[in-house]
Amino acid sequence: GNSVTQMEGPVTLSEEAFLTINCTYTATGYPSLFWYVQYPGEGLQLLLKATKADDKGSNKGFEATYRKETTSFHLEKGSVQVSDSAVYFCALSTNAGKSTFGDGTTLTVKP
Amino acid sequence: EAGVVQSPRYKIIEKKQPVAFWCNPISGHNTLYWYLQNLGQGPELLIRYENEEAVDDSQLPKDRFSAERLKGVDSTLKIQPAELGDSAVYLCASSSPMGRLGSNEQFFGPGTRLTVL
């Protein structure tokens, strides 16, 4: 079956540090890949997505590139802020509409 | 536009009791999902609807869980009887029919936190 593996957290960084959260996946075919974010007390919301190989998704300073050769979709941000503290979920969705989520990575950014 | 609405937000029941959760998706979204989220884990799909049809219910424990989406809009998820292990957050999400299947953003509701005592 399909699976998504995220680097385990929690991750604690100082403000303005560089962020990488690793995500690898297993799926047949060519799934779409997503990063969702859950801020404290809120529901999951889309951060960025990529729907085909080599696509780069970007939003709010975050980026992730769909790497089919390494089956990865790592999330990066050059300079994190305290307001980026949240839980980040990597997810895939197949062409049949079946979705699989990772277990989430908790990020805490300290001033 | 209004987001995905779920109710109740919190529910505490004793084991063996029934419980129901309600979801109203974003207007125009024909795909509706119910997920279960345990603490420290990602959402796990229970059932996916395309309009009124349940197109993927392979992960729904059908001995105690049931769901319906009459008229292809609102949906209800029911557990009867509830067990201690059902304590979790139940999420509803919806997505629009635009674009390639599987490529669309899912919009999530705030979830219902169920505690079974």
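FYI, it's all coordinate maths here, none of it is from the lab. Here the structure is a predicted model, which means the values were calculated and not measured. Neighbour counts run over all protein chains shown; Cβ positions are idealised from the backbone, glycine included.
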*Would you please list the contacts, defined by Cβ atoms under 8 Å and residues six or more apart or on different chains, that run from a residue in segment B:1-12 that is away from chain A (no Cβ under 11 Å) and within 18 Å of B:HIS29 (Cβ to Cβ) to a residue that is small (Gly, Ala, Ser) and part of a strand (DSSP E or B)?*
none
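Residue-wise test of (1) among the hydrophobic types (A, V, I, L, M, F, W, C); (2) touching a Lys or Arg at 6+ places or on another chain (Cβ under 6 Å).
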site	(1), (2)
B:LYS16	no, no
B:PHE21	yes, no
B:THR31	no, no
B:LEU36	yes, no
B:ASP63	no, no
B:GLY72	no, no
B:SER75	no, yes
*Can you confirm whether segment B:93-102 contains a residue that is part of a strand (DSSP E or B), more than 10 Å from every other protein chain (Cβ to nearest Cβ) and surrounded by fewer than 19 Cβ atoms within 10 Å (Cβ to Cβ)?*
no
*So which of B:PRO110, B:PRO81 is within 12 Å of chain A (Cβ to nearest Cβ), farther than 17 Å from A:PHE34 by Cβ and not hydrophobic (A, V, I, L, M, F, W, C)?*
B:PRO110
*asked:* Consider segment A:23-49. How many of its residues are in a strand (DSSP E or B), more than 8 Å from chain B (Cβ to nearest Cβ) and free of Cβ contacts under 8 Å to residues at least 40 places away in the same chain?
replied: 1
*From B:LEU70, B:LEU84, B:LEU117, grab the single residue that is among the hydrophobic types (A, V, I, L, M, F, W, C) and without any contact (Cβ under 8 Å) to a residue 24 or more places away in the chain.*
B:LEU70
*Boolean, A:ALA96 is aliphatic (A, V, I, L, M), closer than 27 Å to B:ARG48 by Cα, surrounded by fewer than 21 Cβ atoms within 10 Å (Cβ to Cβ) and touching a Leu at 6+ places or on another chain (Cβ under 8 Å)*: yes
_When the residues of segment A:84-99 are narrowed to those that are part of a strand (DSSP E or B) and more than 8 Å from chain B (Cβ to nearest Cβ), which ends up farthest from the chain's Cα centre (by Cα)?_
A:ALA86
*Do we find that B:SER7 is closer than 20 Å to A:LEU46 by Cβ and surrounded by fewer than 16 Cβ atoms within 10 Å (Cβ to Cβ) in this structure?*
no
*Residues (away from chain B (no Cβ under 14 Å), surrounded by 13 or more Cβ atoms within 10 Å (Cβ to Cβ) and assigned to a strand (DSSP E or B)) located in segment A:50-73*: A:SER58, A:PHE62, A:GLU63, A:ALA64, A:THR65, A:ARG67, A:SER72
